[in-house]
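Peer 1: My questions will all concern the structure given below.
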């Protein structure tokens with residue numbers, strides 16, 4: 001089922017192309033940014049670099065698992081996507097705490113800096129530029145770039161969870177689809 005083929009009358013759903021979606025690509029950039037942030041500013045994060053790295057990795061991994069589970073089970077995809085969202089929220093809180101403890105502000109969502117980051121974060125080439133930009137700046141700038149990306153990823157995941165919820169309500173779960181396919185196959 002790796003090629004995403006959907007068999008007519010079956011219960012297997014087409015596998016999502018999650019790697020092409022913005023929330024997944026943003027999670028990859030956030031993981032890379034967090035890794036570089038912790039290497040560069042590891043002493044400054046007060047022992048939080050391990051949990052930050054774990055949250056970034058977990059967020060991305062659960063998005064992969066949710067994207068793959070989507071072909072079999074919308075309910076599993078929702079659960080895994082919610083866990084990924086929670087990991088990214090945990091990372092967001094860590095970056096906010098980092099800034100707060102050092103007396104640096106979190107950029108307002110409508111600030112020129114935040115708008116610039118969001119604008120760059122939309123295009124794949126812009127994401128790479130953000131990574132390079134954050135790497136050469138002070139810790140508070142890199143943290144704010146990560147916060148902007150995380151806020152965007154969490155918002156995108158909220159929309160994805162709602163979409164999966166609607167699909168689940170419309171199509172049912174795996175057991176329901178299996179029962180319908182069985183009835184159709186046996187002519188009941």
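Read-outs throughout are calculated quantities, based only on the coordinates presented, and are distinct from any laboratory measurement. What you are looking at is a predicted structure, and each value in this text was computed from that prediction instead of being measured. Using ideal geometry, Cβ is built from the backbone for each residue, glycine included, and neighbour counts are taken over all protein chains shown.
Peer 1: Using Cα atoms only, what is the angle between the long axis of helix 49-69 and the major principal axis of the chain, expressed in degrees (0 to 90) to the nearest 10?
Peer 2: The angle comes out at about 20 degrees.
Peer 1: Here's a follow-up. Taking other Cβ within 10 Å of each residue's Cβ, how do 157, 63, 164 sort, fewest first?
Peer 2: Placing the least packed residue first, the sequence is 164, 157, 63.
Peer 1: Okay, moving on. Relative to the longest principal axis of the chain, what angle (0 to 90°, nearest 10) does the C-alpha long axis of helix 139-171 take?
Peer 2: It is inclined by approximately 10 degrees.
Peer 1: Separate question: How much length, in nm to one decimal, is gained on full extension between residue 64 and residue 17, taken as 0.36 nm per residue of separation minus their Cα-Cα distance?
Peer 2: Between residue 64 and residue 17, full extension yields 15.9 nm more.
Peer 1: From Cα pairs below 8 angstrom and at least 6 apart in sequence, can you work out the relative contact order of the chain, rounded to a whole percent?
Peer 2: Relative CO of the chain lands at 29 percent.
Peer 1: Counting other C-beta atoms within 10 Å, which of 75, 152 has the fewest, and how do the rest follow?
Peer 2: 75, 152
Peer 1: With axes computed from alpha carbons, what is the tilt in degrees of helix 112-122 against the longest principal axis of the chain, rounded to the nearest 10 within 0 to 90?
Peer 2: Tilt of helix 112-122: around 40 degrees.
Peer 1: Something else about it: Separation between the residue 169 and residue 57 pseudo-spin-labels, each 7 Å from Cα along Cα→Cβ, expressed in nm?
Peer 2: According to this spin-label approximation, the distance is 3.8 nm.
Peer 1: For residue 180 and residue 39, FRET efficiency with R0 = 45 Å and r from the beta-carbon atoms, rounded to 0.05?
Peer 2: 0.30
Peer 1: Ranking request for peptides 108-115, 17-24, 85-92: highest mean number of other beta-carbon atoms within 10 Å first, then the rest in descending order.
Peer 2: Ranked from most to least packed, the peptides come out as 85-92, 17-24, 108-115.
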